[in-house]
Structure formats: structure tokens, C-alpha cells
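Nothing in this text is a laboratory measurement; each read-out follows from the coordinates by a stated rule. As the structure is a prediction and not an experimental result, all values here were calculated from the model. Don't worry about glycine lacking a Cβ; one is built from the backbone with ideal geometry, like all the others, and counts go over all protein chains shown.
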Amino acid sequence: MARCKVIFEPMHATVEVDPANPPAAGEGKPGSLLDVALANGVSIEHACGGVGGCGTCHVIVEQGVANLSEPGDDELDTVESAPGSTPDSRLACLAIVRGDVTVRVPEWKRNLVSEGP
């Protein structure tokens with residue numbers, strides 16, 4: 001399968017991904033926006049550890065919504081209650097990348113502090 005681009009805004013971070021062999025950080029479903037982001041140094045808040053239970057990893061899909069896995073009912077219920085939710089919102093931990101996509105990480109969802117060793 002061809003490589004695809006995942007763009008995280010407003011960080012202007014572009015990550016190339018092989019959907020057949022995505023990078024893994026071990027957070028969220030393998031190949032999810034969250035897993036891809038964290039494996040490439042793009043920080044997204046995820047309070048529940050990437051299991052789709054809290055909505056803190058909510059992102060807004062700006063382009064390429066068809067290039068993500070279909071959301072399940074549980075995801076739709078969780079993302080609907082997330083602050084700032086839109087019809088194009090997804091949980092980064094559950095949305096699996098299958099093609100080019102651009103997502104916006106709301107300002108209040110970005111983890112701007114990184115603790116060192």
C-alpha cells in the first residue's frame with residue numbers, strides 16, 4: 001500500500017505513514033491518529049490512555065474523513081459530548097489512518113508541556 005500523509009494542525013506537522021505498517025507508540029488503536037502522532041513527536045492529550053473512554057483526544061478532521069476508519073457508536077457518543085465537537089470530530093485514539101488526512105487539534109487538547117527524565 002502507498003504511503004500517505006497525515007497533517008496535524010496548527011502544529012504544521014506532517015507525518016508520512018504506511019497504513020500497512022504504521023509507526024507505533026502503543027497508545028490508542030494501532031495505526032490510529034493518536035498512535036501515529038505520538039510515535040512522531042506530535043503531542044495530543046489523552047487522559048484515558050487511548051481507549052476511547054474520555055474524549056480528551058478529540059480532533060477535528062479538516063480533510064480526508066473518508067481516509068479514516070468508520071466511527072463506532074461508542075466513539076460517536078463520546079465525541080459528541082467533547083467540548084468543541086463538530087460533525088467532523090473524531091477521537092484520535094480510535095480513528096485509524098487509511099489515507100491522506102488533515103486534522104486540527106484544538107488548542108485546549110494540545111499537551112504543550114513535555115516532562116524530561
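Look at the range 1-55 and say how many of its residues are closer than 18 Å to residue 103 by Cα, touching a Cys at 6+ places or on another chain (Cβ under 7 Å) and not charged (D, E, K, R).
Looking only at that region, the number is 9.
Checking the structure you have, find out if any residue of the range 28-41 is buried (at least 19 other Cβ atoms within 10 Å of the Cβ), among the charged types (D, E, K, R), under 19 Å from residue 5 (Cβ atoms) and under 13 Å from the mean Cα position of the chain (by Cα).
Looking for residues that are buried (at least 19 other Cβ atoms within 10 Å of the Cβ), among the charged types (D, E, K, R), under 19 Å from residue 5 (Cβ atoms) and under 13 Å from the mean Cα position of the chain (by Cα), one finds at least one in the range 28-41, hence yes.
Just the residues that are buried (at least 20 other Cβ atoms within 10 Å of the Cβ) and of a type in the set (A, V, I, L, M), please, taken from the range 43-59.
Passing the criteria: 44, 59.
Hey, could you check the range 17-59 for residues that are part of a strand (DSSP E or B) and aliphatic (A, V, I, L, M) and say which is farthest from residue 89 (Cα to Cα)?
Per the criteria, the residue is 17.
Check whether at least one residue in the range 60-71 is in a helix (DSSP H, G or I) and charged (D, E, K, R), and report yes or no.
So far as the range 60-71 goes, no, none of its residues is in a helix (DSSP H, G or I) and charged (D, E, K, R).
Could you count how many residues in the range 1-27 are β-branched (Val, Ile, Thr) and surrounded by fewer than 21 Cβ atoms within 10 Å (Cβ to Cβ)?
Counting residues in the range 1-27 that are β-branched (Val, Ile, Thr) and surrounded by fewer than 21 Cβ atoms within 10 Å (Cβ to Cβ) gives 3.
Name the residue that is surrounded by the most Cβ atoms within 10 Å (Cβ to Cβ), counting only residues in the range 60-74 that are more than 13 Å from the chain's Cα centre (by Cα) and farther than 22 Å from residue 20 by Cα.
74
Considering every residue within the range 58-65, establish whether at least one is in contact with a helix residue (DSSP H, G or I) (Cβ under 6 Å, 6 or more places away or on another chain) and not β-branched (Val, Ile, Thr).
So far as the range 58-65 goes, yes, one or more of its residues are in contact with a helix residue (DSSP H, G or I) (Cβ under 6 Å, 6 or more places away or on another chain) and not β-branched (Val, Ile, Thr).
What tally of residues in the range 1-16 results from selecting those that are of a type in the set (Gly, Ala, Ser), touching a helix residue (DSSP H, G or I) at 6+ places or on another chain (Cβ under 9 Å) and either over 17 Å from residue 59 (Cα atoms) or assigned to a helix (DSSP H, G or I) (or both)?
0
Name the pairs: first residue in the range 49-63 and free of Cβ contacts under 8 Å to residues at least 60 places away in the same chain, second residue small (Gly, Ala, Ser) and part of a loop (DSSP other than H, G, I, E, B), Cβ to Cβ under 6 Å, at least 6 apart or on different chains?
Matching pairs, first to second residue: 50/28; 54/47; 55/82; 56/47; 57/92; 58/82; 59/92.
Could you grab me the full set of residues in the range 80-110 that are more than 14 Å from residue 22 (Cβ to Cβ), under 12 Å from the mean Cα position of the chain (by Cα) and β-branched (Val, Ile, Thr)?
Of everything in the range 80-110, those that are more than 14 Å from residue 22 (Cβ to Cβ), under 12 Å from the mean Cα position of the chain (by Cα) and β-branched (Val, Ile, Thr) turn out to be 102, 103, 105.
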